[in-house]
Structures are given as C-alpha cells and as structure tokens.
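Every number here is computed from the coordinates shown, using simple stated rules; none is lab data. Small disclaimer: the values here were computed from a predicted structure and weren't measured. Glycine gets a Cβ as well: all are built from the backbone with ideal geometry, and neighbour counts include every protein chain shown.
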Amino acid sequence: MVTDNPGPHAATPRIYVRSGTKRLIYLSGTQALLAGGKDGRYVLERRKVAAGSLPSHTFDDYVIMLPLGIAAVGFHSRLEGRTLKGLIEPWRFRFLTVGDSLATAWNAPIDALFLTLSPSLVTQHIGQQTQDRLPTLVSNVMPHEDLLLMHLILALQTHVESGCREGRIFEDSVLAAILARLLRAYGAGMREWRQHAGLTRRQYARVKDFIGDHLHENFSLHDIASVLGTSPYHLSRLFRATTGQSLWQFVLEFRVKKAGQLMHAHGSWPLAEVAAMCGFESYSQFVAAFRKYFGQLPSEYRRTMTDNGAVGEE
C-alpha cells in the first residue's frame, strides 16, 4: 500500500555500550534529535552533547561518528590502553570497532551523527565467499576525512528523515556501500578479494526475472542476492560491473517503466494504484522517479497519451 506521509522515525535512544558488567544507553543524558534504523541492523542518531567525559566503555557494534558544525573541539581519549589527544574537527570521522575499550573527554559541546552497524549486518551483507575470512576492522578515533563515507552517511540521514520513503532496496544499497567503504578504510590484513568481471547472462536474467516477478513487493537486496546464492555486497559489485549502475537505480527504473506500461494499457486506473502495483514506497517517490525518467509528471504523461489517443481501453 502506498502512503504519502509515512512519518519520521521516533527519536528514541537506542545506542548501547557496556561499562564493566552493565549495559548502558550511550550518551544517556542527551536527547536524540534524529533516530532511525530497522530490525536492530543499524542505528542512526544525531545528538548535541555538552562538554564532558565518559569512563571506559565498550561497544558491541561498529560505531561511526561524524561531527557537524563549524568549530573544532579538543579531546583526550584512551583507546585500548593508548593515550590519544587532539581536535574533533567538523566533518572528520571517528571510528570504533566491536570490542574495543574507550575512555574519552571533550572540552566543548559537540553536534554529531552517530551510526552503529551490527556485526550480523556486516556478515549478512559481505558474507564469506570462497571461504575467505572477514577482514578485521581496526578502530581509528583520530579525526580523519573521508568524502565518500560522508556522502553515504548523509544520504542515509536524508532517507531516515524522510521516513525511509526510498524503500528497502535503497536503504540496503547505501548500507552495502558504507560497509564496502569501511572494509577499505579500516580493514587490517585485508587481501584484495578476487575481482569479478560481472554477472553471467544467466545470472543477470535470474536477477531481472526476480525483480519482475516481485515488483509489487517490498523486497530487499538480500532477497535478490539469495537467488544467486551470494551476499548483497558481492551482488552489488557484480551488478554495477555488469550494468554500470546500482541495483537500486535499476529497480527504480524497472518500476517506472512498468508504471508507464500500465498507464498505457489501463487509462482509467488511479495513479496511486499504478504506483502501488509497481512497488513504490509512496506516491511522492513515484512522482519524483517518474518525472526523472520521463521528464513529465505522471498526470502530464497520461494527459499527453490521452491527447494522442494512446491510452488503452478498460
């Protein structure tokens, strides 16, 4: 069912840390200005935090911090017994891996996005192909720039703020791209995985058939990958190598083309019904995608067909 206003995710704190034997809410004294994430796979929060400190704590998830604003903030941290200090600079990342212990203090307020990724998400998206072991991700709390990772996290933020209107395929594609970037930026002892030329014709046909058969459903990247017996991470790489576009872009284009066909064949069907049959998450997503592909609003496109006598009879 297509909804035009699914509403934002509730801003409730869901990032946790372990301190000693206790499991605590991370930054419990602050209000989350933004919070999103489904099924515990990831949590995205924006928080404004006053100057302060945190005693030694450990994350059970991978944590990415992206400071916002314009002013740098001094910090003093102790990571796995190593003392680190410097400036937390806006738009420069800090990354902490599962199991590492961190104590930290900062001398001024911080406005930042916090993204946590569960270990199960990493395993699910990347998988273990050809018996390769997953690379070990290494913490780096010294502020560092990564423009690609910043672009991806801001895209995820926009997705959450919109109430996740772009759908599961878009969300999965962004998460897969973030994970791929983390492997390259923080992977230790990571050998280059075998490069694939792309999907075979048979594999491409199976992917296309699955999309066509399930177009009206809210399927995920994992659902498509399971058809080929691979992981979402590898499917994304293979599909882009084959087609030059992301799988999410392909699915969106597939849905728009199908909508155009239905509008030709069934001229009196309500446009919202056409959008729902093609699997769009919302009517606004349908309108935006249709306009991008056809250069017209759906209503304008239908009116043009009517004027030209190209609309099918019921």
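General remarks:
- Once the C-beta distance of TRP91 and SER53 is scaled by a Förster radius of 25 Å, the resulting FRET efficiency is 0.60 to the nearest 0.05.
- If R0 is 45 Å, the Cβ-Cβ spacing of SER28 and ARG240 corresponds to a FRET efficiency of close to 0.65.
- Between the amide H of SER101 and those of GLU80, distances stay under 5 Å, these residues lying 5 or more places away or on another chain, with hydrogens modeled in the peptide plane.
- Long-range HN-HN contacts of PHE219 with modeled amide H, under 5 Å: none
- Rounded FRET efficiency, nearest 0.05, which uses the C-beta distance separating VAL138 from HIS222 and R0 of 35 Å: 0.85
- Only Lys, Arg, Asp and Glu carry charge here, each on its Cβ (+1 for the first two, -1 for the last two); on that basis region 249-307 has a dipole of about 100 debye about its Cα centre.
- SER120 paired with HIS151, simple spin-label distance in nm, labels 7 Å along Cα-to-beta-carbon: 3.2
- Cut-off 14 Å, label 7 Å out along Cα→Cβ of ARG201, residues of region 211-244 by amide N: none
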